[in-house]
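Each remark here refers to the structure printed beneath this line.
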Amino acid sequence: MPILLALLSAAAYGVADFLGGTASRRLHVVVVTLISMTTGAAFILVVCLMQGGVVDRADVVWSLGAGVVGSLGIATFYSALAIGPMGVVAPVSAVTSALVPVVSGLALGERPGPLVMLGIGLAFPAIAMVARERRLPDEPRQVATGTLLRALAAGLGFGGYLVLISRTSEGSNLWPVLIGRGASVGVMVTLAAGLGVLRWPRAASKRGAREDGTDRSVTLSLAGGVFDAGGNAFYLLAVRSDLLALVAAVQSLYPAATVGLAGALHGERPQRIQGAGMAVGLVAVVFVAVG
């Protein structure tokens, strides 16, 4: 069951990334992220009210920390994309975000079996292969140190979120996700205000909003928020049932869903290395599940 939840988390995160990336072609990425986070918070609030749960002070602290670290990771990730190639930023961030929970889990005393460790080991190259994009002829071969440092920092932020949110108590149910999302919204509002992008995109008319894609981008952002919140929820449920290192490695295969949707809806066919990465990722999941 935990492996299935981790896979559902990966799928939800992958869909959210696709929707958010598509929406960002028309709207500022900070606006897209803010809409997504706010929608996700509303979605999780409904679930929390239905489930109930008891949250103590430690849960609040872990959740707030996770929300702040996660939102800073997103901001750093987008800043890295602004100055460097996606084919470098994405795999570096994805592998780093998976490595942080694995190292943390081992440090906390988790001891996966040999087959599980093999599966975790295979997950890292699979993540890098799936996230890799074709380099354009005019792109430089050398990547600036600043780009790599930002990509690493983004991965640390994502991984930090996974570790911190996993420390919350089981009795709190999904309230930590909601609290963390609230903290993330606060950080993003502050960032948006600082960048001066809080104003709603203007269009000459409703027809103009439809024609320039603003309405569609807002809709995609709203949907992306639901999927992202779902990914958080599935991850939290999974990590409470199994080892942090195991769940994080499987969950970090989320680029596969993004690549698949891009191929199906945008005509962006996966490269051979991405297809091979998906195959390696499937083998990794099988090893982890069997082990």
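Rule-based calculations on the coordinates, nothing more; no lab input. Remember, it's a predicted structure, so these values are computed and weren't measured experimentally. Cβ: placed from backbone, ideal geometry, glycine included. Neighbour counts: every protein chain shown.
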Under Karplus coefficients 6.51, -1.76 and 1.60, residue-wise ³J(HN,Hα) of segment 28-36 in Hz, glycine/proline x
4, 4, 5, 5, 4, 5, 5, 4, 4
Label-point gap, in nm, between residue 108 and residue 190 - each point 7 angstrom along Cα→Cβ:
2.6
Suppose R0 equals 30 Å; then what is the FRET efficiency for residue 46 and residue 283 from their Cβ-Cβ distance, rounded to the nearest 0.05?
0.20
